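Structure, as structure tokens:
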Amino acid sequence: MLLKTLFGITPVLLSIVLTSSVSASDAHHAHHHQNFGSFTKENVLLTPKNYREWVFIGAPVTPNDMNDGKPAFPEFHNVYIDPTSWNHWKKTGEFRDGTVIVKELVSVGTKESASGNGYFQGEYNGIAATVKDSKRYPDRPGNWAYFTFESYEAKQGVIQADEACAACHKANAAQDMVFIQHYPVLRAAKPGNK
């Protein structure tokens, strides 16, 4: 009787295990070809949502007190890349067409902590983003467009003139208009740099 019961249950358990692993695998790869940017008819980026769930690639800081109170992007920059582009980067070492990178600006909250003196994050100041898209931005340097957002509640960004952002990126970024020299997470994940 016990043997008969086990043989009756085994196929059911096996099908549950196989279905669960396929579902988990599908969920893991669901974003593999997903695009994370949404745009207006005029190709303006809508305010990104849920970017804090993307891949965090670094947090450079340009503190006010080291920049005469006027850094171009004060102060911390929490930077995220969309998961599809991150996977592409790890395989190729290139930013794919469709890459979205979000820079969330955060103030310096304090310079003292139980762990010692330094710069510690304070309040959110806003976001900026860049998108690589050869179809939407064929005439922009490297096919990258840069956006600022009035607020988190803004429906869409404001596309920046090439002189405002792209010129600096073109002159100073280490690869394809991106300052990978400031992001060890990107450098470590690039094929051949492990």
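The values are calculated or read from the model by the stated rules, or taken from the named source; none is laboratory data. No experiment lies behind these values; they were computed from the predicted model shown. Cβ placement follows ideal geometry from the backbone for every residue including glycine, while neighbour counts extend to all protein chains displayed. Protein only, heavy atoms only, side chains kept; ligands, DNA and RNA dropped before computing areas. Shrake-Rupley method; radii C 1.70, N 1.55, O 1.52, S 1.80 Å.
A few notes on this one:
- Of all residues in segment 61-94, those satisfying the criterion of being of a type in the set (Gly, Ala, Ser) and over 17 Å from the mean Cα position of the chain (by Cα) are Gly69, Ala72.
- Taking residues in segment 34-49 that are without any contact (Cβ under 8 Å) to a residue 40 or more places away in the chain, and partners anywhere that are of a type in the set (A, V, I, L, M, F, W, C), the pairs with Cβ atoms closer than 7 Å and at least 6 places apart or on different chains are Ser38/Leu46.
- Selection from segment 162-176 of residues that are touching a helix residue (DSSP H, G or I) at 6+ places or on another chain (Cβ under 9 Å), hydrophobic (A, V, I, L, M, F, W, C) and part of a loop (DSSP other than H, G, I, E, B): Ala173, Ala174
- Evaluated against (1) free of Cβ contacts under 8 Å to residues at least 60 places away in the same chain; (2) open to solvent by less than 20 Å² (accessible area, probe 1.4 Å), Gly109 falls short on exactly one condition, (2).
- Among the numbered conditions (1) farther than 30 Å from Ser151 by Cα; (2) at pLDDT 95 or above, the only one that Arg96 does not meet is (1).
- When restricted to residues that are surrounded by fewer than 20 Cβ atoms within 10 Å (Cβ to Cβ) and either touching a Cys at 6+ places or on another chain (Cβ under 8 Å) or under 14 Å from Glu104 (Cα atoms) (or both), segment 140-150 contains 2.
- Any hit, segment 151-158, residues being of a type in the set (Phe, Trp, Tyr) and either crowded, with 18+ Cβ neighbours inside 10 Å or part of a strand (DSSP E or B) (or both): no
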